[in-house]
Amino acid sequence: MLDSGAGAALQPGSEASILPLHLTGVGLDIAGHRLLDGVSFELKPGPLTVILGANGAGKSLLLKICHGLLSPTRGEVNWQSTASAQIRGRQAMVFQRPVLLRRSVVANIDYVLRLQGVSKPERQQRIAASLQMTGLTHLQHRGARVLSGGEQQKLAVARAWAVRPEIVFLDEPTANIDPAATVFMESLIKRFSAAGTKVVLTSHDLGQASRLADEVLFLHQGQLLEQAPAQQFFARPENPHARAFLRGELPG
Amino acid sequence: MKQIDNLAVCLGMAFMVLAGSVQAGENFITLASTTSTQASGFFDYYLPLVQRRTGIDVRVVAVGTGQALKLGENGDADVLLVHDRVGELQFVEQGFGVDRREVMYNDFVLVGPKRDPARAAGSESAVAALQKIAGSKAGFISRGDDSGTNRLERRLWQEAGIDPGASGGNWYREAGAGMGAVLNMTAASGNAYTIADRATWLAFRNKTELALLVQGDARLFNQYSLILVNPEKHPHVKKQQALLFMDWMTSVEGQRAIAGFQTAGQALFKPNALQQ
Amino acid sequence: MLDLDESLVEIILVSLRVSVTATVLAAVVGFLLGAVLAIWRFPGRGALLVLLNAMMGLPPVVVGLLVYLLLSRAGPMGSLGLLFTESAMIIAQWLLVTPLIAALTQQIVADLMLEYREQLYSLGAKRWTMLQTLLWEGRYSLLTVMLAGFGRAISEVGAVLIVGGNIAHHTRVMTTVIALETSKGNLTIALALGMILIALACMINAAAAFSKIYAARLYG
């Protein structure tokens with residue numbers, strides 16, 4: 001199913017797609033600080049979306065609100081589907097610092113598949129495919145926590161891949177790894193997207209955004225200032241803050 | 001998950017251990033006795049004989065006489081072997097025990113430092129010796145645990161006309177401990193006296209500078225008695241086995257065996273069940 | 001005097017059987033209780049935590065007295081006839097060790113929650129699954145907690161003396177025989193037994209430490 005085209009019908013069976021995702025007037029206050037304010041957008045199946053912005057713009061918080069880890073102070077988050085179990089099971093997130101279990105590489109992937117009630121033969125097949133795609137097959141019996149930072153990040157992606165999510169959120173997926181690993185990670189992300197999964201990632205790296213993005217959401221001081229196709233955004237940004245960011249005048 | 005299953009297995013096994021130990025061997029009785037009989041090594045010698053001759057496994061819980069009587073009152077023992085005549089008669093009178101049998105005796109002795117700062121040695125009576133100790137303000141360490149020995153000691157002070165707790169100073173100390181612990185404290189203190197039962201004293205291995213100073217006073221007579229915990233009050237009491245044990249201990253053979261327990265050529269307990 | 005071959009082995013076996021059983025039972029309850037307190041919020045949770053922490057310092061002799069009153073023929077559970085048996089000693093040590101294990105487990109799982117909560121929730125774990133996962137993730141620390149519990153169990157004398165009675169061949173354990181030999185004035189034998197107790201504790205702790213290091217090297 002993974003090589004089916006865009007968006008819908010990733011899962012076998014006739015379940016309806018959970019996309020698009022609508023955020024309406026989302027705001028978040030923590031300890032009296034207004035961290036997000038009036039954020040509204042729609043995430044449709046298909047294009048690879050990059051949430052771009054300087055450090056502290058609120059990108060990670062926004063991602064966590066989309067993924068359901070944080071509840072917004074104001075506004076609404078609406079998926080196409082209303083069945084909460086379905087929503088949780090069909091999205092995945094790769095954290096900036098992924099938390100891996102103190103078990104082997106294989107057991108880490110097996111864990112999430114068991115949570116989702118995947119049958120044993122199916123689990124074995126998906127684990128093998130995930131490991132192969134991320135190039136971790138030779139490390140499969142090693143402890144996850146003794147892997148290098150780059151390998152741990154790959155395992156987190158492999159774990160997300162095995163779930164076959166309809167949408168995957170990646171929070172600064174290359175922030176903590178070296179340039180060679182970054183190149184490989186970006187190719188993985190592209191394959192993820194090409195396989196029909198909706199990819200949403202945050203980045204403060206202009207180069208990465210221009211290499212990966214089909215669509216850019218520009219976030220500045222907790223506000224969504226621009227949502228545009230990537231080509232348009234990089235060629236003719238409308239918002240003055242976005243223009244400053246592209247010129248390198250806002251701290252990356 | 002697997003780890004939870006493992007825990008469940010452990011839990012199950014543990015309960016099997018619990019259940020197993022409850023059902024182990026029915027042919028035993030619980031004997032509440034005094035620290036003196038245990039610390040002197042008497043039971044290590046005597047109980048294997050009992051087992052061989054009667055087939056009964058006697059399990060001894062060694063506590064002070066006061067606590068032993070309390071265990072009997074609660075029904076936590078089948079038989080008592082204790083040494084406080086006054087308390088025993090009261091115990092029987094109150095209906096907690098039946099069939100009291102005097103079974104053996106020895107005596108109490110006054111022990112203290114060899115150099116004897118209170119000059120208690122050679123006193124004509126134990127009461128006179130205590131008066132000297134109180135007068136000299138050398139130390140005295142009391143069991144203070146309501147044991148038979150402690151009860152005797154309190155009666156001696158009373159007879160001496162001294163209230164050691166109220167007489168001021170810290171020469172009189174209540175240890176709240178067994179005979180052995182009190183002997184250890186007395187040995188360590190260097191200038192204190194105490195009253196001990198002869199059996200524990202003879203078997204005690206840490207005498208250092210301690211010596212036996214006063215003995216032979218009729219007041220220091222130390223009678224041990226068996227009492228059956230009243231089966232009418234406590235139906236679970238193993239009357240049959242308990243009586244078998246009591247009968248054997250008071251028989252000619254059982255009495256001879258008591259006399260046979262000796263340390264350094266001295267009998268620690270003298271049988272007297274057959275003299276009644 | 002103590003027959004230093006058979007009797008000693010017998011006493012060590014009784015000690016281990018009682019303390020290991022008590023510790024395992026305490027771990028089952030303590031791990032669950034600690035993890036529940038760390039993961040769930042419910043009314044009375046704060047009071048329960050304070051109570052647990054207070055009970056960590058409960059004097060063994062008080063526990064011994066409580067268990068005696070419970071198991072005495074005159075007490076509510078007297079008809080079971082458990083007083084002066086290994087079971088009574090296990091119950092007393094279980095009562096001593098469970099609060100310790102529960103309180104320490106609560107701290108360990110609460111710390112793990114900070115690290116794992118978002119990730120596990122993201123993976124779709126419900127609270128009950130989280131509890132199992134976090135107990136397994138904390139297994140090295142929890143092993144240490146169990147050893148601390150075992151240490152408290154095997155080293156205490158006040159409770160087992162009261163409820164076990166120090167009956168030769170039945171409820172005589174390392175600590176009560178040390179107390180007995182001391183009261184006989186056999187200080188050298190008492191000290192030698194103390195050394196054996198220390199050696200035993202060292203061996204068990206060393207074995208646990210090695211397995212912990214080995215496993216940590218494997219799984220981080």
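The values are calculated or read from the model by the stated rules, or taken from the named source; none is laboratory data. Nothing here was measured: the structure is a model prediction, and the numbers come from that model. Because the Cβ atoms are built from the backbone with ideal geometry, glycine has one as well, and the counts that use them run over all protein chains shown.
Here are the numbers:
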item	result
Residue identified as at positive phi, away from every other protein chain (no Cβ under 14 Å) and not in a loop (DSSP other than H, G, I, E, B) among A:Gly46, A:Gly38, A:Gly56	A:Gly38
Among (1) within 11 Å of another protein chain (Cβ to nearest Cβ); (2) in a loop (DSSP other than H, G, I, E, B); (3) touching a residue at least 12 places away in the same chain (Cβ under 8 Å); (4) among the aliphatic types (A, V, I, L, M) - the single one C:Ala125 does not satisfy	(3)
Matching entry among A:Gly135, A:Gly150 (being away from every other protein chain (no Cβ under 12 Å), surrounded by fewer than 24 Cβ atoms within 10 Å (Cβ to Cβ), within 27 Å of A:Leu61 (Cβ to Cβ) and small (Gly, Ala, Ser))	A:Gly150
The one condition in (1) without any contact (Cβ under 8 Å) to a residue 24 or more places away in the chain; (2) surrounded by fewer than 17 Cβ atoms within 10 Å (Cβ to Cβ); (3) within 21 Å of the chain's Cα centre (by Cα) that B:Phe221 fails to fulfil	(1)
Residues located in the range C:1-55, provided they are surrounded by fewer than 16 Cβ atoms within 10 Å (Cβ to Cβ) and within 30 Å of B:Phe204 (Cβ to Cβ)	C:Met1, C:Asp3, C:Leu4, C:Asp5, C:Glu6, C:Val9, C:Glu10, C:Leu13
Residue satisfying all of: in the range C:151-173; in contact (Cβ under 8 Å) with a residue 60 or more places away in the chain and away from chain B (no Cβ under 14 Å); surrounded by the most Cβ atoms within 10 Å (Cβ to Cβ) among these	C:Ala159
Of all residues in the range B:38-63 being of a type in the set (S, T, N, Q) and within 12 Å of chain C (Cβ to nearest Cβ), the one that is nearest to C:Leu70 (Cα to Cα)	B:Gln38
Filter result for the condition that a residue is closer than 13 Å to B:Val111 by Cα and either surrounded by 20 or more Cβ atoms within 10 Å (Cβ to Cβ) or within 14 Å of another protein chain (Cβ to nearest Cβ) (or both), over B:Gly148, B:Gly139	B:Gly139
Residues that are of a type in the set (Phe, Trp, Tyr) and either more than 7 Å from every other protein chain (Cβ to nearest Cβ) or over 25 Å from the mean Cα position of the chain (by Cα) (or both), drawn from the range C:128-143	C:Trp128, C:Tyr140
Among residues of the range C:62-96, those that are away from chain B (no Cβ under 13 Å) and either β-branched (Val, Ile, Thr) or assigned to a loop (DSSP other than H, G, I, E, B) (or both), counted	2
Selected residue [more than 14 Å from chain C (Cβ to nearest Cβ) and crowded, with 20+ Cβ neighbours inside 10 Å] from B:Leu183, B:Leu156	B:Leu156
Among the residues listed as C:Leu32, C:Leu25, the single one being under 11 Å from C:Thr105 (Cα atoms), among the aliphatic types (A, V, I, L, M) and within 14 Å of chain B (Cβ to nearest Cβ)	C:Leu32
Residue that is farthest from the other protein chains (Cβ to nearest Cβ) [pool: residues in the range B:64-101 that are without any contact (Cβ under 8 Å) to a residue 40 or more places away in the chain and within 16 Å of the chain's Cα centre (by Cα)]	B:Leu69
Scope the range C:108-122; condition within 11 Å of chain A (Cβ to nearest Cβ) and closer than 17 Å to C:Gly34 by Cβ; matching residues	C:Leu112, C:Leu114, C:Glu115, C:Tyr116, C:Arg117
Meets criteria (over 19 Å from B:His83 (Cβ atoms), assigned by TED's automatic domain parsing to the domain that holds B:Thr34 and assigned to a helix (DSSP H, G or I)) for B:Gln255	no
Leading residue by the ranking (nearest to the other protein chains (Cβ to nearest Cβ)) among those in the range A:92-116 that are small (Gly, Ala, Ser) and out of contact with any Pro (no Cβ under 6 Å at 6 or more places or on another chain)	A:Ser104
